[in-house]
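Participant: The following block contains the structure, expressed as structure tokens.
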Amino acid sequence: MSPEAKVLEALLREPRLFPPPEHFSQKANTQETELFKIKDPEAFWGQCASLIHWFKPWERILEWDYPQARWFTGGTLNVSYNCLDRHLGSFRRNKAALIWEGEPGDSCVLTYRDLYREVNKFASVLRSLGIKRGDRVTIYLPMIPELPIAMLACARIGAIHNVVFAGFSAHALQERINDIGSRLLITADGGFRRGQVIPLKDNADLALQNAPTVERVIVTKRTGHHINMQLGRDLWWHEIMHTASLYIEPEPMEAEDPLFILHTSGTTGKPKGVVHTTGGYLVGVTMTAKYVFDLKEEDVYWCTADIGWITGHSYVVYGPLSNGATVLIYEGAPDYPQPNRFWEIIEKYGVNIFYTAPTAIRSFMRWGPSYPARHDLSSLRLLGTVGEPINPEAWMWYYIHIGRRRCPIVDTWWQTETGMILISPLPGETPLKPGSATRPLPGIEADVVDEKGNPVPPGKGGYLVIKKPWPAMMRTIYGDHRRYVEQYWSRIPGCYFTGDGARKDADGYFWILGRVDDVINVSGHRIGTMEVESALVDHQAVAEAAVISRSHPIKGQAIVAFVTLKEGFTPSPELAQELKEHVVKIIGAIARPEQILFTPELPKTRSGKIMRRLLRDIAEGRALGDTSTLADPSSLERLRQAYAEEA
Ligand code: 6R9
């Protein structure tokens with residue numbers, strides 16, 4: 001049995017079951033609604049649609065023309081109206097919408113009324129620059145209030161935003177701008193990370209050397225260090241906001257109009273621009289934020305994800321704000337200046353709901369329980385995780401040391417493409433098993449199937465698929481609808497293919513096993529092996545590269561690259577370092593390979609395909625699998641020796 005299979009066997013025998021605590025169940029939002037009694041998915045979603053405000057009511061819940069879904073057609077709405085205007089008529093007007101803490105320790109609070117004013121003003125700025133409904137706007141900002149303000153302002157006038165994570169490189173930014181033809185770029189002079197300045201404007205300048213569609217750049221001042229402002233192109237945020245109007249009518253959008261594009265890694269070298277719509281998306285994230293996170297009027301809710309990822313879009317910005325919640329945003333790293341920073345923030349603001357990633361929890365475990373132990377965490381009542389499978393040890397540590405055995409944990413499975421959480425416990429309802437995302441939410445039909453789409457028996461591994469459309473599902477890949485149909489709707493007959501492997505147990509609980517395609521999940525971030533390979537071969541010394549993952553105690557998975565060099569180049573630790581930096585330059589620090597291994601040749605089949613499976617065996621130190629299709633079996637032995645020497 002392989003080591004992974006052993007871990008899995010242990011998981012499936014995980015005997016611990018945590019029933020929902022009485023004190024939680026009694027007051028859970030799910031108790032106060034008839035919603036979950038509706039068994040027909042379409043009728044269920046129709047009912048969920050009344051959680052948001054429609055200017056014009058929709059006519060049909062769903063038009064399903066496989067694989068194209070259209071939700072709530074005939075209806076019009078505006079997302080910024082739903083997140084802001086509709087809260088102003090009640091006491092929420094003066095309630096904190098955003099509580100923001102900067103890494104250096106500065107902070108501010110924006111009430112719903114404050115946020116409304118800033119969004120309106122910025123929407124007026126966008127209008128004055130000629131940005132119209134349907135135009136694409138790229139946002140490359142750190143975790144500062146200007147980021148949600150810019151997103152909501154785009155939503156207000158019907159412009160489609162494309163947020164690019166501030167950790168991405170100039171090259172990655174350029175690639176994304178050009179993929180969607182943005183007219184405007186919104187950025188900052190820089191951002192703070194572990195006390196260092198990330199030079200966002202310098203990166204933007206580099207990116208714009210070859211991004212001809214961008215006409216203007218709006219720059220917000222965060223770090224205050226010197227940057228170049230290009231006359232006629234670059235504008236300071238604080239200067240143009242002076243003359244802005246205080247009110248901009250929210251554009252009535254069709255339910256199916258795009259709200260944003262967010263790129264994610266897939267199986268090719270080119271990131272996919274995932275397109276999300278207005279009506280279905282907002283219904284999906286509003287419902288799940290309310291019932292999965294059990295949001296209450298008086299809660300302080302903190303999701304630690306960067307807004308540059310889907311988790312930040314759906315569960316820092318749109319879901320919670322649509323519910324009128326108080327959202328905490330922290331700019332920086334969890335261990336800056338000390339590894340207790342998160343716990344200090346929870347204590348300082350009395351955070352009630354805390355949502356983070358398993359990789360972060362594993363780091364906290366390594367730093368030790370004395371850091372959280374120093375702080376009053378009694379305000380916490382619900383914990384969540386997202387991004388990758390959580391190992392039961394990390395789950396238990398989180399449960400004991402952060403939740404102090406009092407707080408349910410919602411392990412939420414979903415993807416950039418799904419827009420909203422699809423598999424998760426409902427806190428107060430679902431008994432928890434450490435390591436399992438439990439069951440599909442109401443309205444969601446998920447299953448584990450074989451290649452032909454037949455359900456596999458309990459305990460057996462297979463592909464995780466979704467069998468019915470759901471409102472927040474992606475509608476297309478920007479500019480490449482064929483790829484959308486091929487990648488998601490053609491692999492398994494009749495189903496949405498998630499790219500994840502899973503098993504179901506005898507209780508119908510789902511255990512996610514991780515990606516089954518060429519995507520690596522490093523610290524909860526998706527990285528395509530092909531993207532890293534093309535970054536490597538972009539370097540003058542590299543002839544060929546094969547990128548695989550191996551398991552890593554903190555990151556979950558780590559990137560390992562096998563590299564062959566061109567004539568005239570010799571392997572050295574310096575060159576390995578240079579290649580790692582080259583990947584950082586092309587993609588960003590999240591894609592930095594953990595290890596580079598030079599090899600005179602890569603194991604290939606007789607038809608010339610690189611056998612990644614064997615490379616993975618080598619990297620994990622496993623016995624090699626079937627080598628019979630290998631063109632030159634001796635190459636593999638040499639490679640294994642090289643790896644053993646390196647390790
Ligand atoms: C939301 C988000 C999606 C991939 C997904 C899966 C992994 C996410 C998970 C999980 C196990 C969970 N994943 N949540 N695996 N349990 N609770 O992370 O989106 O960045 O697109 O990643 O992450 O492999 O396919 P995204």
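The values are calculated or read from the model by the stated rules, or taken from the named source; none is laboratory data. Please read these numbers as outputs of a predicted model, since none were measured by experiment. Cβ placement follows ideal geometry from the backbone for every residue including glycine, while neighbour counts extend to all protein chains displayed. Protein only, heavy atoms only, side chains kept; ligands, DNA and RNA dropped before computing areas. Shrake-Rupley method; radii C 1.70, N 1.55, O 1.52, S 1.80 Å.
Participant: Starting from the residue with the highest accessible area, list Asp106, Asp411 in decreasing order, probe 1.4 Å. Walk me through the numbers before you get to the answer.
Facilitator: Working: Asp106 60, Asp411 10 Å².
Highest to lowest solvent-accessible surface, that is Asp106, Asp411.
Participant: What residues have an amide H closer than 5 Å to that of Thr76, excluding those fewer than 5 places away on the same chain, when H is modeled at 1.01 Å from N in the peptide plane?
Facilitator: HN-HN under 5 Å from Thr76: Phe55, Lys56.
Participant: Compare the Cα positions of Gly134, Gly191, Cys83 along the charge dipole of segment 79-251 (+1 at Cβ of Lys, Arg; -1 at Cβ of Asp, Glu; about the Cα centre) and return the one farthest towards the positive end.
Facilitator: The one lying farthest along the dipole's positive direction is Cys83.
Participant: Assigning unit charges at the beta carbon (Lys, Arg +1; Asp, Glu -1) and nothing else, what dipole magnitude in debye, to the nearest 20, does segment 523-646 show about its Cα centre? List each step's numbers first, then the result.
Facilitator: Values: 16 positive and 17 negative charges, 94 e Å.
About 460 debye.
Participant: Taking θ as phi - 60°, what are the ³J(HN,Hα) couplings along segment 303-314 by the Karplus curve (6.51, -1.76, 1.60), each to the nearest whole Hz, with x for Gly and Pro?
Facilitator: 10, 7, 5, 6, 4, x, 10, 4, 4, x, 4, 7
Participant: Using every Cα-Cα pair within segment 201-269, state what percent have a distance larger than 21 Å. Spell out each step's value before the answer.
Facilitator: On the way: 1256 of 2346 pairs.
More than 21 Å apart: 54 percent of the Cα pairs in segment 201-269.
Participant: Out of all Cα-Cα pairs in segment 293-411, roughly what percent, to the nearest whole number, are more than 20 Å apart?
Facilitator: On the way: 2538 of 7021 pairs.
Value for segment 293-411: 36 percent of Cα pairs lie more than 20 Å apart.
Participant: What's the whole-number percent of alpha carbon pairs in segment 79-251 lying beyond 27 angstrom?
Facilitator: Values: 3462 of 14878 pairs.
Looking at segment 79-251, the distances longer than 27 Å represent 23 percent of pairs.
Participant: Here's something else I'd like to know. Can you tell me the dipole magnitude for the chain around its Cα centre, using point charges on the Cβ only (Lys, Arg +1; Asp, Glu -1), in Debye to the nearest 20? Don't skip to the answer; put the middle values down first.
Facilitator: On the way: 72 positive and 75 negative charges, 134 e Å.
It works out to roughly 640 debye.
Participant: Note down the net charge around Asp106, summing +1 for each Lys or Arg and -1 for each Asp or Glu among other residues with Cβ under 12 Å from its Cβ.
Facilitator: On the way: positive: Arg222; negative: Glu101, Glu103, Glu331.
Counting the neighbours of Asp106, the net charge comes to -2.
Participant: Same structure again: For a 26 Å ceiling on Cα separation, which of these pairs sit above it: Lys121/Lys585; Lys290/Lys452; Lys460/Lys604; Lys272/Lys467; Lys132/Lys467; Lys270/Lys468?
Facilitator: Values: Lys121/Lys585 36 Å; Lys290/Lys452 36 Å; Lys460/Lys604 30 Å; Lys272/Lys467 22 Å; Lys132/Lys467 37 Å; Lys270/Lys468 28 Å.
Long pairs (Cα-Cα over 26 Å): Lys121/Lys585; Lys290/Lys452; Lys460/Lys604; Lys132/Lys467; Lys270/Lys468.
Participant: Here's another thing I want to ask about it. Would you list the P(r) distribution for the chain, with all Cα-Cα distances sorted into 20 Å bins from 0 and each bin expressed as a whole %?
Facilitator: 19, 54, 26, 1
Participant: Moving on to the next point. For Ile329, list long-range residues whose amide hydrogen, built 1.01 Å from N in the peptide plane, is under 5 Å from its own amide hydrogen.
Facilitator: The answer is Ile99, Trp100, Glu101.
Participant: Run the accessible area of segment 289-329 with a 1.4 Å probe and give the carbon-and-sulfur part as a rounded percent. Kindly include the intermediate steps, with their values, before the conclusion.
Facilitator: Working: 300 of 630 Å².
About 48 percent, which is the carbon plus sulfur part of the accessible surface.
Participant: Can I ask one more? Determine the gain in length on full extension of the stretch Thr605-Ala644; use 0.36 nm per residue of separation and subtract their C-alpha separation, reporting nm with one decimal.
Facilitator: Details: separation 39, 0.36 × 39 = 14.04 nm, distance 2.30 nm.
Full-extension gain reported as 11.7 nm.
Participant: Please list, short to long, the whole-number percent of alpha-carbon pairs of segment 388-525 in consecutive 10 angstrom bins beginning at zero.
Facilitator: 11, 40, 34, 11, 2
Participant: Translational diffusion coefficient, Stokes-Einstein: compute it for segment 450-508 using the Kirkwood radius over C-alpha pairs as Rh, at 25 °C and 0.890 mPa s, and state it as an integer in µm² s⁻¹.
Facilitator: Details: Rh = 12.5 Å.
Answer from the Stokes-Einstein relation: 196 µm²/s.
Participant: Moving to a separate point now. If Rh is defined by the Kirkwood formula over all Cα pairs and Rg also comes from Cα, what ratio Rg/Rh do you get for segment 112-199? Provide the component values of the computation, followed by the final result.
Facilitator: Numbers: Rg = 13.2 Å, Rh = 13.5 Å.
For segment 112-199, the value is 0.98.
Participant: If you count only protein heavy atoms with a 1.4 Å probe, what accessible area per residue comes out for segment 494-555, rounded to a whole Å²? The partial results should precede the final answer.
Facilitator: On the way: 1940 Å² over 62 residues.
Heavy-atom SASA per residue in segment 494-555 reads 31 Å².
Participant: Around Val300, which amide H atoms from residues at least 5 apart in sequence, or from another chain, sit under 5 Å from its own amide H, with H modelled in the peptide plane?
Facilitator: For Val300, whose amide H was placed from the backbone, the distant partners under 5 Å are Asn352, Ile353.
Participant: Okay, moving on. Whole-Hz Karplus ³J(HN,Hα) for segment 487-502, in order, using 6.51 cos²θ - 1.76 cosθ + 1.60 and θ = phi - 60°, x for Gly and Pro?
Facilitator: For segment 487-502, the Karplus curve yields 6, 9, 10, 10, 5, 10, x, x, 10, 7, 8, 7, x, 10, x, 7 Hz.
Participant: Give the residue from Gln487, Ser628, Trp58 lying farthest towards the positive end of the charge dipole for the chain; charges sit on Cβ (+1 for Lys and Arg, -1 for Asp and Glu) and the dipole is referred to the Cα centre.
Facilitator: Trp58
Participant: Please give the per residue accessible area of segment 79-251, computed with a probe of 1.4 Å over protein heavy atoms only, in Å².
Facilitator: Values: 6370 Å² over 173 residues.
Ligands and nucleic acids excluded, the result is 37 Å² per residue.
Participant: Separate question: State the extension gain, in nm to one decimal, for the chain segment bounded by Tyr336 and Asp450, taking 0.36 nm per residue of separation less the distance between their alpha-carbons. Display every interim value, and only then the final one.
Facilitator: Numbers: separation 114, 0.36 × 114 = 41.04 nm, distance 4.56 nm.
Contour length minus the Cα-Cα distance gives 36.5 nm.
Participant: Please calculate the 1.4 Å probe accessible area of Glu331, with all protein chains present, and give it to the nearest 10 Å².
Facilitator: Looks like 10 Å² after rounding.
Participant: Heavy-atom accessible area of Thr359 with all protein chains present, probe 1.4 Å, nearest 10 Å²?
Facilitator: So the heavy atoms of Thr359 present about 20 Å² to solvent.
Participant: So, how do all the Cα-to-Cα distances of segment 523-646 break down into 5 Å bins, in percent, from 0 on up?
Facilitator: 2, 11, 22, 24, 21, 14, 6, 1
Participant: On to the next question. Across every pair of different alpha-carbon atoms, what Kirkwood hydrodynamic radius in Å does segment 1-149 reach?
Facilitator: Numbers: mean 1/r = 0.0485 Å⁻¹.
The answer is 20.6 Å.
Participant: If you don't mind, there's one more thing I want to ask. May I ask you to give the solvent-accessible area per residue for segment 293-411, in square angstrom, as obtained with a 1.4 angstrom probe?
Facilitator: On the way: 3280 Å² over 119 residues.
That works out to 28 Å² for each residue.
Participant: Evaluate the charge dipole of segment 79-251 about its Cα centre and quote only its size in Debye, nearest 20, assuming +1 on the Cβ of each Lys and Arg and -1 on the Cβ of each Asp and Glu.
Facilitator: On the way: 21 positive and 18 negative charges, 97 e Å.
Dipole about the Cα centre, nearest 20: 460 debye.
Participant: Something else now. Once neighbouring chains are kept in place and the probe is 1.4 Å, which whole percent of the accessible area of segment 79-251 is contributed by carbon and sulfur? Could the numbers behind the result be given before it?
Facilitator: Values: 3120 of 6370 Å².
Ligands and nucleic acids excluded, carbon and sulfur reach 49 percent.
Participant: Modelled label-to-label distance, Gln209 and Phe569, 7 Å Cα→beta-carbon offset: nm?
Facilitator: 2.0 nm
Participant: Can you work out the Karplus-derived ³J(HN,Hα) for every residue in segment 35-50? Use 6.51 cos²θ - 1.76 cosθ + 1.60 with θ = phi - 60°, whole Hz, and x for glycine or proline.
Facilitator: Each residue's phi maps through the Karplus curve to give 3, 7, 7, 6, 8, 6, x, 5, 4, 4, 5, x, 5, 4, 4, 7 Hz.
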